[in-house]
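Some notes on the structure that comes next.
The values are calculated or read from the model by the stated rules, or taken from the named source; none is laboratory data. Just so it is clear, the structure is predicted and the values come from calculations on it, not from any experiment. Here the Cβ is made from the backbone with ideal geometry for all residues, glycine too, and neighbour counts use every protein chain on show. Just the protein is used for accessible areas: all its heavy atoms, side chains included, with ligands, DNA and RNA removed. Shrake-Rupley method; radii C 1.70, N 1.55, O 1.52, S 1.80 Å.
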Amino acid sequence: MPELVDYVVELRRYFAGNDAKPLRELSNRLIKEAVLQDNKTIAKIAVLAYCLHKILSKEHFLKASYWPRARADFLFAIDELIHILRTDGKREVQQTINKLIRMLDNVDKNFGRYVQNLWDKGKAKLASSAYALGMSLQKATELTGADLRSVQLYIGSTLIHEEEPTTESLREKLEKLRKMVKD
Amino acid sequence: MQNIVVVDSSAIITMSSTCFINVFEKLKKDWNYRFVVPESVYYETVERPLEIPRFELNAVRVKHLFDNNVLEVAKKTTKLQKTSSEILRLANSCFSSHGKFLKVLQKADAEVLALAKELNAKMVAVDERTARMIIENPEALRNIIEGRTHSSVELDKEQAYMLKENFKDIFFIRSAELLSYAFSSRMFDEIEFSKKALEALLISAKLNGCGISFGEIDEFLSGWKNETKI
């Protein structure tokens with residue numbers, strides 16, 4: 001099983017190569033790993049990979065005059081994270097991840113076009129993936145730090161519930177409900 | 001003693017997002033039931049969203065129901081906390097993958113279930129599927145987890161049975177059932193009594209996160225005939 005540092009090295013490679021799609025795929029693999037291991041740090045890296053993929057997919061981010069500098073800063077901070085993970089500095093891992101989140105927030109504040117910020121959107125998206133994988137809504141939001149209502153609304157816009165079996169249909173439950181409340 | 005429905009955050013969120021949160025008041029009168037939530041649900045549906053501009057209005061609407069005693073908050077007791085911890089332990093030891101337990105429920109889920117058990121509730125209203133399925137059909141939940149994580153997942157049937165035993169007399173419903181009941185009992189003044197209106201109501205619940213599929217909605221609506229009860 002790959003270590004967290006291996007995933008961050010992979011993330012760096014895709015980000016440095018402006019490869020948005022593999023970053024998205026990495027984010028999917030990471031959230032699955034976070035669910036199986038119940039690991040919030042892996043979940044944060046999954047959200048980070050998702051947000052970086054989003055940035056690389058948007059021309060208005062990439063064409064901004066600020067972007068080359070921001071990109072270099074991101075790469076520097078990711079290298080720092082890789083170094084810390086290799087030297088087992090547990091406390092510094094969270095600090096460096098938080099630094100990357102602040103950098104994302106800055107880029108988003110300057111160039112984003114939505115009211116909901118990119119990091120919050122990423123958390124809701126990845127929490128919905130954790131829910132799709134079988135976690136409860138509450139557990140998925142705890143893992144990613146997302147807001148419960150944002151996640152539920154996001155789930156509503158997906159097809160997650162389409163492929164799931166029903167123990168009793170709406171009709172059967174409604175009939176049972178009618179009998180119960182009449183008793 | 002009045003019968004009780006314990007309500008999860010997910011069902012309150014669907015009801016408030018579809019703008020039919022007042023259904024709780026109508027159902028309470030019609031059934032003479034109490035709608036009760038644990039403190040964690042109050043936090044998730046009122047206190048926290050009041051701090052988020054996007055959800056502030058919904059939180060204000062939900063708060064109004066609590067202020068008017070339509071929805072009630074149960075006080076956290078030592079007994080409730082103990083039951084909640086036991087339910088969480090059982091639920092999170094039902095599934096394992098490669099020798100490691102999968103933690104599928106969180107404290108707030110367990111509090112809803114524990115409250116239902118402690119109050120001898122008749123029903124639990126929950127829209128998200130995991131807390132519901134782990135009681136109703138843990139094998140199907142195992143299949144979902146295994147199929148989507150592409151990892152081998154074991155179900156400890158004994159743990160699942162012990163968990164289920166706690167809720168054998170409790171009926172799990174979703175906002176889809178609550179809304180359909182209210183609709184068929186003509187509790188909505190603001191929408192016409194037609195198949196189209198019912199369809200719109202259920203699709204809105206689904207799009208706001210209620211755990212129901214389009215197929216289930218279609219199947220339900222296929223039995224509808226105008227002017228007759230569903």
* B:Thr149 versus (1) within 19 Å of A:Tyr131 (Cβ to Cβ); (2) among the polar types (S, T, N, Q); (3) more than 8 Å from chain A (Cβ to nearest Cβ): which is the lone unmet condition? -> (3)
* May I ask you to verify whether A:Gln138 is touching a residue at least 12 places away in the same chain (Cβ under 8 Å), assigned to a helix (DSSP H, G or I) and at the interface with another protein chain (Cβ under 7 Å from one of its Cβ atoms)? => no
* Run A:Val181 past the list (1) within 15 Å of the chain's Cα centre (by Cα); (2) within 22 Å of B:Ile12 (Cα to Cα); (3) open to solvent by less than 40 Å² (accessible area, probe 1.4 Å) and report the number of the one that doesn't hold. => (1)
* Give the residue that is farthest from A:Gln152 (Cα to Cα), with candidates limited to residues of the range B:109-130 that are at the interface with chain A (Cβ under 8 Å from one of its Cβ atoms) and open to solvent by less than 10 Å² (accessible area, probe 1.4 Å). => B:Met123
* To do: Taking the options B:Phe101, B:Phe66, B:Phe20, B:Phe24, name whichever one is among the aromatic types (Phe, Trp, Tyr) and more than 30 Å from B:Ile191 (Cα to Cα).
  => B:Phe101
* Asked: For the range A:70-90, does any single residue satisfy the condition of being assigned to a helix (DSSP H, G or I), open to solvent by 50 Å² or more (accessible area, probe 1.4 Å) and either touching a Leu at 6+ places or on another chain (Cβ under 6 Å) or closer than 28 Å to A:Tyr131 by Cβ (or both)?
  -> no
* Just need a number here: residues in the range A:141-156 that are at the interface with chain B (Cβ under 7 Å from one of its Cβ atoms) and either among the small types (Gly, Ala, Ser) or within 13 Å of the chain's Cα centre (by Cα) (or both). => 3
* Tell me which of these B:Glu47 doesn't satisfy, since it passes every other one: (1) out of contact with any strand residue (DSSP E or B) (no Cβ under 6 Å at 6 or more places or on another chain); (2) surrounded by fewer than 21 Cβ atoms within 10 Å (Cβ to Cβ); (3) under 18 Å from B:Leu113 (Cβ atoms). => (3)
* **Residue that is most open to solvent (accessible area, probe 1.4 Å), among those in the range A:1-40 that are in a loop (DSSP other than H, G, I, E, B) and closer than 22 Å to A:Arg86 by Cβ** => A:Met1
* To do: Test each condition in (1) within 19 Å of A:Arg178 (Cβ to Cβ); (2) out of contact with any Ser or Thr (no Cβ under 7 Å at 6 or more places or on another chain); (3) open to solvent by 40 Å² or more (accessible area, probe 1.4 Å) for B:Lys164 and report the one that comes out false.
  => (1)
* Spot the failing condition for B:Phe172; the list is (1) open to solvent by 10 Å² or more (accessible area, probe 1.4 Å); (2) touching a helix residue (DSSP H, G or I) at 6+ places or on another chain (Cβ under 6 Å), and only one is missed. => (1)
* Out of all the residues in the range A:157-176, is one or more away from chain B (no Cβ under 12 Å) and either closer than 30 Å to A:Val5 by Cβ or over 17 Å from the mean Cα position of the chain (by Cα) (or both)? -> no
